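K.L.:
Mind having a look at this structure? Questions to follow.
The values are calculated or read from the model by the stated rules, or taken from the named source; none is laboratory data. Please read these numbers as outputs of a predicted model, since none were measured by experiment. Neighbour counts are summed over all protein chains in view; Cβ atoms, including those assigned to glycine, are modelled from backbone coordinates with ideal geometry. Areas reflect the complete protein model, heavy atoms only, side chains present, ligands, DNA and RNA absent. Shrake-Rupley method; radii C 1.70, N 1.55, O 1.52, S 1.80 Å.
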Amino acid sequence: GCVLVVSVIEQLAQWHNSTVKAAVERLCNYIPGKYQIIRHMLCCIDKEMNADVVCHSLKLCKQDPGQPLCHLYPPPKISRNEHSVYHASISPISQSGSKIFTGFSSVCAFPLLANLCEKIKYVIRNKLPFEDFDGDKFSTFPTLRGYHWRGRDCDDKNTTVYPGRRPDNWDVNSDSNCNGIWGVDPKDGIPYEEKFCKGADSQGVMLLGDSAGAHFHIPPEWMTVTEMSAKSFANLPMAFTDELDWPQFSEITGFLNSTIGGWTDSLYLRLRQRNRCNHRDLQNISQNGITYFPINIAAYLSFSLARNQLLDYPAIVIYATIGNDVCNGNRDTLAHMTTPKEMLSNVMQALRYLDTRLPNGSHVILTGLVDGRFLWDNLHDRYHPLGQLNRDITYSQLYSFLDCLQVSPCSGWLTPNETLRNLTSERALQLSNVLKEIATSEKFANFDIFYMDFPLRQTAEEWRKMGGQPWQLIEPVDGFHPSQIAAALGTSITWQKALHEWPHVLGKENPFNHQIEAIFKDQGGH
């Protein structure tokens, strides 16, 4: 984090031909007030020192005994006589300077951010909305696991009102399931919910996933100085309180027009278009860094999943952690990958639990793991956004830096070691085959189950036909997650597969959709 921030400051000074002080002030003016913690770094940044050297001098980076010196930039070219001078430059700053940084490594130590950090810790720990006054696991607040992640509550003071439930008395007097359809048609006295939604195969969509499903994204304009302005950071508070995830634009539960490039197309939007009665019935229960196997998957789901087997509509559940079972930042990465035996045991545990919670008539789709060799093949020799100004940082260098720090999102794929990349993909294929076998052989009382491969190859082929390049399907800042373009194209491919192979999963088209929309339009679109 320090290296990224210092790099941006030094590049701002270079791009605007200014002093470091002016560059810090410029960046601080871009960033919303309470996030301006970087102003405290001013005393220690020297344009003549690269970011690695600065951050070591701040004691925010360190070299543990017996461990290599991790650096993003090449070490300065110095003679043997200058060697001691260089090491002096990365030694700790003076005592008076270091006092400023006591606790800097924990952003939450800053008083202005402490309260916000506590909220974020709560939602990360519980995967539930922070603002939920009636405790039904739905919220009227967008971030902090609010309605960006789950359908928006329409009455946060009534625990019996929430998206996805079957209507209470056909919603004659109020909207109990938040789909916007309630009241009685004055022409014939029939409740609108009964007229438009009875027998319409209404169902919700839920995602149990990882950071790819949550749609992790760091805006490249945050660290591309040639494009940087105050507008670049306008979304920082929202991004921070959504854990740097953008589920509202994601492949499964996206519902807002994308503001991060590309376009939004999602399984939820297509189900809603197919049946307008499905409005707001979505849940994204994904978490950065999660695998199929929390220690107790049943406890995890029981706390986070919002579905009443008796009162709610069925749901389509997408079960997708596409890489984390083989991805970790450990040096001995193969030893820390999920084994096929573990995969079988824990997925079955999760499915048995879902069978006790999902309403009858639900569907579960298991998604296979991705072949992550695509990442190195298409990015390793390209320049990272941080390296575009001076053409000095490639993704290969970034991957090596993160691997050295043992914080790589995937040591097995983000490596120049081709053998290791192949072994990682081999394990991913083994785990996908376990999921495929489960879908073929296992039966459950309340849902049917299907398997589909992660459609990366088809997505790349489709994008090439549209004139795109494969690297554009990968998030530019982290060089690891699917981009907005990949998410939208993936939805189209998944939908077509479902239409051809499991059409009953998607439900039938509601013949009243146009009438519903016409009434909404007459009422001002509410």
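K.L.:
Can you tell me which condition Ala13 does not meet? The list is (1) part of a helix (DSSP H, G or I); (2) at pLDDT below 90; (3) surrounded by 14 or more Cβ atoms within 10 Å (Cβ to Cβ); (4) of a type in the set (A, V, I, L, M), and all the others hold.
P.N.:
Ala13 satisfies all of (1) part of a helix (DSSP H, G or I); (2) at pLDDT below 90; (3) surrounded by 14 or more Cβ atoms within 10 Å (Cβ to Cβ); (4) of a type in the set (A, V, I, L, M) except (2).
Here's the yes/no breakdown for (1) in contact with a Pro (Cβ under 6 Å, 6 or more places away or on another chain); (2) in a helix (DSSP H, G or I); (3) open to solvent by 30 Å² or more (accessible area, probe 1.4 Å); (4) assigned by the TED database to the domain that holds Trp495:
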| site | (1), (2), (3), (4) |
| --- | --- |
| Leu389 | no, no, yes, yes |
| Ser400 | no, yes, yes, yes |
| Gly412 | no, no, no, yes |
| Thr415 | no, no, no, yes |
| Thr424 | no, yes, no, yes |
| Arg427 | no, yes, yes, yes |
| Val434 | yes, yes, no, yes |
| Asp448 | no, no, yes, yes |
| Tyr451 | no, no, yes, yes |
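K.L.:
Let me ask something else. Checking the condition in a helix (DSSP H, G or I), of a type in the set (Asp, Glu) and modelled with pLDDT under 95, which residue from Glu462, Glu517 passes?
P.N.:
Within the list Glu462, Glu517, the selection yields Glu517.
K.L.:
Could you check how many residues of region 212-231 are in a helix (DSSP H, G or I) and open to solvent by less than 10 Å² (accessible area, probe 1.4 Å)?
P.N.:
Going through region 212-231 one residue at a time, the tally reaches 2.
K.L.:
Which residues, counting only those in region 88-146, are modelled with pLDDT under 60 and of a type in the set (Ser, Thr, Tyr)?
P.N.:
Ser89, Ser91, Ser94, Ser96, Ser98, Thr102, Ser105, Ser106
K.L.:
Hey, any hits in region 242-261 for a residue that's crowded, with 19+ Cβ neighbours inside 10 Å and over 30 Å from Leu305 (Cα atoms)?
P.N.:
no
K.L.:
If only one of Leu499, Leu473, Leu489 is over 27 Å from Asn328 (Cβ atoms) and buried (at least 21 other Cβ atoms within 10 Å of the Cβ), which one is it?
P.N.:
The match here is Leu489.
K.L.:
While we're looking at this one, here's another question. For region 159-171, does any single residue satisfy the condition of being over 18 Å from Gln248 (Cβ atoms), touching a Gly at 6+ places or on another chain (Cβ under 7 Å) and not aromatic (Phe, Trp, Tyr)?
P.N.:
Within region 159-171, the subset over 18 Å from Gln248 (Cβ atoms) is 159-162, 165-171.
Next, only the ones that are touching a Gly at 6+ places or on another chain (Cβ under 7 Å) stay: 159.
Now restrict to residues that are not aromatic (Phe, Trp, Tyr): 159.
Within region 159-171 (the criterion being over 18 Å from Gln248 (Cβ atoms), touching a Gly at 6+ places or on another chain (Cβ under 7 Å) and not aromatic (Phe, Trp, Tyr)), the answer is yes, since at least one residue qualifies.
K.L.:
Could you tell me which of the residues Leu310, Leu354, Leu301 is among the aliphatic types (A, V, I, L, M), more than 20 Å from the chain's Cα centre (by Cα), more than 30 Å from Leu420 (Cβ to Cβ) and open to solvent by less than 20 Å² (accessible area, probe 1.4 Å)?
P.N.:
Leu354
K.L.:
Provide a single number: the residues in region 326-351 that are assigned to a helix (DSSP H, G or I), open to solvent by less than 40 Å² (accessible area, probe 1.4 Å) and among the hydrophobic types (A, V, I, L, M, F, W, C).
P.N.:
The number of residues fulfilling the criteria is 5.
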